[in-house]
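What follows is one structure encoded as structure tokens, with my remarks underneath.
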Amino acid sequence: MKFCIFGAGAIGGYLAVELALAGQEVCVVARGAHLAAIRERGLTLKIHGQEKVARVAADSDPSSFGPQDAVICALKAHQAFECAAAFAPLLGPDTYVVTAMNGIPWWYFYKTGGRYEGQHLKSVDPGARQWTHIGPQRAIGCVVEPACEVIAPGVIAHHQFNRFILGEPDGSRSTRVEELSKVLAAANFDAPVRENVRWNIWLKLWGNVCFNPISALTGATLGHMIEDPDLRALCKTMMQETQAVNEALDVHIPSDMMDRRLVGAASATDHKMSMLQDLERGRSLEIDALVGVVQELGRLTSVRTPVIDAVLALIKERARAAGLYSELTKLG
């Protein structure tokens, strides 16, 4: 298969190396020093004490590659929004786009069959830019579980986990999603297909909605947030507000999963959340798809989210002060 990895950072680079070494035809969209390093030395993946190197075609301009069988979007949500029109040269009649990103995806209300069918999310896709330029019919959902990091230009370190949960927006086990699952499995990934991938999207968001902004506001590691009783209580309150929103959207996750998420997080004592890492490194913060969208969906469903609202206001101001946040609704 022909794969384009749009955004060859930590997760995209991990996918690119393993897919290329498994025999797939892989190209990557990257930029800056990372792109220069990939062109010169290939993509390097440090994993399980080994070092793997894959030579892949790399460019900052997607039009260099032509139509693909699959495009895996591994950008941050706001970057994907900004790049929506640039996907066009990669899209043939049957090309599908795998949204390997955090947060609520722009296609969320496609094929839901509910009262919000076709609703556009202003916090992640204002003006329906991705809906229009890419098309929700191309989307395959993907919940990313691996923890990876770009440790130098062209070099990815894999820390833990290899699961990418897949799902069609309409819940079907289509030929294309089954084929993708098999290809990823052959490349050393665990890639189960779920009939309700939105369930997994919300479960992961329970952690991201609180851990990420609180870490950026306080500088706390994940382990410290769980150990500190006040921060843990704040996290749980934000999780509960998020649960009320997903319940209003008919996504039902058992409440005991909340404590399991918190217990699991406690084991990552020294882990810095991605939003804190980005703040420290002067990179734009992924706020809207992780926090702002919960506020938007709460208002859509008439569910109050007072604590999320407060934390959202604080993290936006912190990011603006650092010059690391531009509200998407102003760009749409």
Problem - Every residue from the stretch 7-26 that is outside any loop (DSSP other than H, G, I, E, B) and open to solvent by 10 Å² or more (accessible area, probe 1.4 Å) - result: ALA10, ILE11, ALA20, LEU21, GLU25, VAL26
Fill in the blank from the handout: If we keep only residues of the stretch 164-219 that are closer than 19 Å to THR242 by Cα and charged (D, E, K, R), then the residue surrounded by the fewest Cβ atoms within 10 Å (Cβ to Cβ) is LYS204
Practice task
Have a look at SER267, SER302 and point out the one that is small (Gly, Ala, Ser), over 29 Å from HIS159 (Cβ atoms) and either exposed (fewer than 15 other Cβ atoms within 10 Å of the Cβ) or in contact with a helix residue (DSSP H, G or I) (Cβ under 6 Å, 6 or more places away or on another chain) (or both).
Solution key: SER302
Practice task
Mind telling me which of the residues LEU249, LEU279, LEU231 ends up being under 14 Å from TRP202 (Cβ atoms), hydrophobic (A, V, I, L, M, F, W, C) and open to solvent by 10 Å² or more (accessible area, probe 1.4 Å)?
Solution key: LEU249
Problem - Matching entry among GLN50, GLN68 (being over 30 Å from ALA248 (Cα atoms) and touching a Phe, Trp or Tyr at 6+ places or on another chain (Cβ under 8 Å)) - result: GLN68
Exercise for the section: Look at LEU217 and say whether it is over 20 Å from the mean Cα position of the chain (by Cα), assigned to a helix (DSSP H, G or I), under 19 Å from GLU286 (Cα atoms) and not acidic (Asp, Glu). Expected result: yes
Problem - Given (1) closer than 21 Å to VAL294 by Cβ; (2) surrounded by fewer than 23 Cβ atoms within 10 Å (Cβ to Cβ); (3) in contact with a helix residue (DSSP H, G or I) (Cβ under 8 Å, 6 or more places away or on another chain), index of the condition ASP125 fails - result: (2)
Fill in the blank from the handout: Per the filter on the stretch 275-304, residues more than 16 Å from LYS122 (Cβ to Cβ) and either in contact with a Gly (Cβ under 6 Å, 6 or more places away or on another chain) or part of a helix (DSSP H, G or I) (or both) are MET275, LEU276, GLN277, ASP278, LEU279, GLU280, ARG281
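The values are calculated or read from the model by the stated rules, or taken from the named source; none is laboratory data. From a predicted model like this one, the values you see are computed outputs, not experimental measurements. Because the Cβ atoms are built from the backbone with ideal geometry, glycine has one as well, and the counts that use them run over all protein chains shown. The area values use the complete protein model at the heavy-atom level, side chains included, leaving out ligands, DNA and RNA. Shrake-Rupley method; radii C 1.70, N 1.55, O 1.52, S 1.80 Å.
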